[in-house]
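*Asks:* Shown below is the structure under consideration.
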Amino acid sequence: MQRRLMAILAADMVGYSRLMEIDEAGTLARLKTHRLELIDPAITKTHGRIVKTTGDGMLVEFASATDAVECAVEVQRRMARRNADVEAARQIRFRIGVNLGDIIVEEDDVLGDGVNIAARLQTLAEPGGIAVSQAVRDELAHKLDLNFEDQGEQPMKNISRPLRVFRIALDETLVPSMPLPAPSPGDGGHLSIAVLPFVNMSGDPDQEFFADGLTEDIITALSRFRDLLVISRNSTFVYKGKAVNVQDVAKAFGVHYVVEGSVRKVANRVRITVQLIDARTDRHVWAERYDRELADIFAMQDEVTASIVATVSGRVEAAAVERVQRSPTTNMRAYEYLLAAKVLHHRSTAEDNAEAQKMVDKALALDPNYAHAHAWRGCIVGQSWVYSWCPDRDTAWNTIVAELGTALNLDDDDSDVHRILAAINLNRGDHEAAQYHQERALSLNPNNDLIVVQHGEYMTWIGRPEEGVEWIRKAMRLNPHHPERFWNHLGRAYFVARKYPEAIEAFRHISKPDAFHHAFLAAAAAMAGDPATAELHRKQVLAADASFTAESYLATLHYKRLEDTEHHREALLRAGLPQ
């Protein structure tokens, strides 16, 4: 049995049965939309984990009461705004309860009095309101600018003693909406921007990839400018196909500006409309329409990018902005095939990976000297190698190396080429070559979250884990909807920095830990002086891989310093894992 101090948020939809009776399909659709656009992103942003859901409610765990309450407040405030134009009988509202206490953790579930109290608090909350325990109120009294109203001691079902309950006042006069954050010192004072997925107006579903790929190329081009902090495509594509409120998007990502647009492609002509919006005032700063022959697509993208950067920075005129000069291919069909391959790759399934390889092969058949396509072929085959989707791993590995070598010879300025080459050289144990390619990738595209997180990994492997933590945290800022594996990188960095509780907390975000994750958790718990937890994870390691040994595990790691390897070996053996 494992116990932890954590904050539990319990939420329940008000009048669920009544709303389902009135309009079952509409209620389910609206509830799903609120989950996708508001609730789940708010939980992710505040580092929560959904423990369980029911048709009309959910239970969420947080590492701190601050995170739990910030999440609850954001959900309730934004739901109030969403309900402003909805007739009262059809409004979707939630009751939320938050408790801080000692929780029993059992596999993926949480149990105990602390959970039960959160559920009871939820029933005491008003529709659209938040009720918290005294433990939460005492913890946050001087940390958040919130007004806690004392509701006195309240009896609770199946709880032997009455508990003091507090209501969080959500009246706008008491709790004003939070302003958009100013540029933080960690961002170097940079202006920040999010590019929403461009809408496909062609009327042809098969052309979705063109709009998606165009959006991605503009994000990539913008991120090459060092005075802009650009949110990654993985995060902004959460809003694909949805009607959004620009100010809500800006708050979700903490950005100053939002770009939105549309693409209409008919035969060999493309019309692109682009708008730049100041999210603080919801004012259109700049808008433009480009109507060109498809052959001008690269010049068009450069022009869009330069205009956005010039307008946002306010420091130079559009004509003086140093454009990102790109002429990847003169074969427009090859370009379209590569855009399709990228979109398929991002779906991260074996079937889509196989289709992506077909698309990129078609691009290279049309233009064998297309450097970026060679780089992406290496990346796509690399995805199949990582997930063992390839029939022959040795052949796949040789293909990756060959494709990246070709891409490097054709274009030394492609950040993806250097990013992947850095990873390959780390796997080979060549830290010097990895450093060259990693730094080159970072200089070419400093706002790419994959490059930034990999820089944090590299710093960890060479024995500078504190810097690794900083870089990985920056990657999480660039991509608030980052892949789960970012937590793995952060946990490893904390472990190498000998910050074991922080390492354990980071690894706790891995939803389906494998033998390697459990080995890290066992090692961290052993070094933190928690033998019971270490033993729990030791058993999980051997249950997942009976042949596991410390030496075989260490052979998969890439430490440059002997003392880091020995530290890890000591931790694994202290946890009781076989040498």
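*Asks:* Amide H to amide H, which residues 5 or more places from PHE198 or on other chains are under 5 Å from it, using H placed in the peptide plane?
*Replies:* The list, which skips near neighbours in sequence, is THR215.
*Asks:* What aspartates and glutamates could a cross-link reach from LYS539, if we take a straight Cα to Cα line under 17 Å and drop same-chain neighbours fewer than 8 places away?
*Replies:* Reachable aspartates and glutamates: GLU106, GLU107, ASP108, ASP514, ASP530.
*Asks:* Using unit Cβ charges (K, R positive; D, E negative) and no other charged atoms, how large, in debye to the nearest 20, is the dipole of segment 362-574 about its Cα centre?
*Replies:* Dipole magnitude for segment 362-574 comes out near 540 debye.
*Asks:* To the nearest 20 debye, what is the magnitude of the charge dipole of segment 2-168 about its Cα centre, counting +1 on the Cβ of each Lys and Arg and -1 on the Cβ of each Asp and Glu?
*Replies:* 220
*Asks:* Picking from PHE486, LEU408, ILE420, whose Cα lies most toward the positive end of the charge dipole for segment 402-494 (charges on Cβ: Lys, Arg +1; Asp, Glu -1)?
*Replies:* Of PHE486, LEU408, ILE420, it is PHE486.
*Asks:* Mind giving me the FRET efficiency for GLU153 and ALA354? R0 is 45 Å, r the Cβ-Cβ distance, nearest 0.05 is fine.
*Replies:* 0.15
*Asks:* Suppose every K and R has +1 on its Cβ and every D and E has -1 on its Cβ; what is the size of the dipole of the chain about the Cα centre, in Debye to the nearest 20?
*Replies:* 700
*Asks:* Estimate the FRET efficiency between GLU551 and ASP394 by the formula 1/(1 + (r/R0)^6), using the beta-carbon distance for r and 25 Å for R0, to the nearest 0.05.
*Replies:* The value I calculate is 0.60.
*Asks:* Give the aspartates and glutamates reachable from LYS499 as a straight Cα distance under 12 Å; neighbours fewer than 8 places away on the same chain don't count.
*Replies:* Within reach: GLU466.
*Asks:* Tell me which of ASN99, VAL75, ASN116 sits at the most positive position along the dipole axis of segment 47-132, charges placed on C-beta atoms (Lys, Arg +1; Asp, Glu -1).
*Replies:* Of the candidates, VAL75 comes out farthest on the positive side.
*Asks:* With the cut-off at 22 Å, report for segment 2-168 the share of all Cα pairs above it, as a whole percent.
*Replies:* Roughly 40 percent, once rounded to a whole number.
*Asks:* Apply the Karplus curve 6.51 cos²θ - 1.76 cosθ + 1.60, θ = phi - 60°, to the phi angles in segment 259-270 and return the couplings in whole Hz, x for Gly and Pro.
*Replies:* Listing the rounded values in order: 10, 9, x, 9, 10, 10, 10, 10, 6, 9, 10, 10 Hz.
*Asks:* Step through the table entries LYS474/LYS560; LYS45/LYS474; LYS52/LYS143; LYS240/LYS342, compare each Cα-Cα distance with 25 Å, and write down the pairs that go over it.
*Replies:* LYS52/LYS143
*Asks:* Here's another thing I want to ask about it. Where the centre of each part is set by its Cα atoms, how far does segment 140-158 sit from segment 31-106, in angstrom?
*Replies:* If we compute the Cα centre of each part, the gap is 18 Å.
*Asks:* Gap in Å between the Cα centre of segment 230-292 and the Cα centre of segment 491-554?
*Replies:* Segment 491-554 and segment 230-292 have Cα centres separated by 42 Å.
*Asks:* Need one number: nm distance between label points at ALA89 and ARG271, each 7 Å from Cα along Cα→Cβ, rounded to one decimal.
*Replies:* 4.2
*Asks:* Restricting to DSSP H runs of at least four residues, report the calculated mean residue ellipticity at 222 nm for the chain, -39500 (n - 2.57) per run over all residues, nearest 500 deg cm²/dmol.
*Replies:* Here the helix-only value at 222 nm equals -15500 deg cm²/dmol.
We did not get these values from a lab; they are worked out from the coordinates using the rules stated. Treat the numbers as computed from the prediction; the structure is a model and nothing was measured. Virtual Cβ from ideal backbone geometry, glycine too; neighbours counted across all protein chains shown.
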